[in-house]
Amino acid sequence: MDEAANIPLASWGFPFLAEPEEVSVLRGLMRTRLSAWGLQELSDSAQLCVSELVSNVIAHVGPGTPANLMVSLRGTRLRIELRDPGARALPTLVDASDDAESGRGMALVDALTERWGVELHGDSKVTWCELVTAPVTSEGHAGGARVTRAARVLSSYGDGELFGTPRRSRLGAMAAEAAAIDVISDLLHWLQVHGHDTDEILDRAQTHFEAELDATRVSG
């Protein structure tokens with residue numbers, strides 16, 4: 001994955017004690033945070049992931065364990081991290097039967113998320129998972145070859161596999177805008193290094209873009 005995709009666009013953290021009554025509190029905080037970020041479509045899955053991660057700590061590390069929940073936007077991924085001191089109590093993915101009373105937590109996380117994992121940090125561990133959302137692809141939009149070429153370029157600046165998904169969201173739009181800004185900035189750097197007037201180039205590009213829009217409106 002591109003290194004820029006690992007830079008958080010936004011982040012939020014909350015320390016807590018892993019108790020059963022805290023689960024509903026954390027779900028509510030997650031719901032509120034995602035609503036503020038305009039990511040309501042991820043809320044149900046994110047809340048279920050938080051429930052399972054916290055329940056896993058309660059069951060395998062112990063009630064009352066000090067822990068920390070961290071949520072961040074990274075490229076086109078919403079990353080949920082739960083840190084706890086139980087470095088030896090690692091979550092595992094088991095093939096639990098439908099009527100099993102335990103063991104299905106990480107299977108649910110695995111089913112809901114794009115990916116998940118565990119990081120060991122000395123005397124603590126971080127269990128993380130990522131949910132994915134992305135803007136609509138250029139298919140179905142006006143623009144033809146130009147939009148298709150732009151989509152390919154944007155994919156090379158971000159997580160390419162995600163730009164082809166058919167969902168629209170604020171997170172996906174933010175990732176697309178960040179990738180577009182990087183593309184434009186790199187082009188301006190290239191032009192400047194080769195002796196071009198970047199302000200003039202931007203003015204000409206804007207004029208050309210507006211002229212094409214006007215032509216499209218007239219033909220439409």
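Computed from the coordinates by the stated procedures, all read-outs in this text should not be read as laboratory data. It should be emphasised that the depicted structure is a prediction, and the values quoted were computed from it without experimental measurement. FYI the Cβ positions are ideal-geometry reconstructions off the backbone, even for glycines, and counts take in every protein chain you see.
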Packing rank of 193-206, 10-23, where each peptide gets the mean count of other beta carbons within 10 Å, highest leading: 10-23, 193-206
For Thr207, the net charge from surrounding residues (Cβ-Cβ under 12 Å; K, R +1; D, E -1) works out to -4
Assuming R0 = 35 Å, can you tell me the calculated FRET efficiency for the pair Glu177 and Ser43, based on Cβ-Cβ distance, to the nearest 0.05? 0.95
What's the FRET efficiency of Phe14 with Trp190 using the Cβ-Cβ distance as r and R₀ = 41 Å, to the nearest 0.05? 0.40
Label model pair Val118, Ala87: point-to-point distance (7 angstrom along the Cα→beta-carbon line) in nm is 1.4 nm
Nearest-0.05 FRET efficiency for Asp110 and Ala211, computed from C-beta distance (R0 45 Å): 0.35
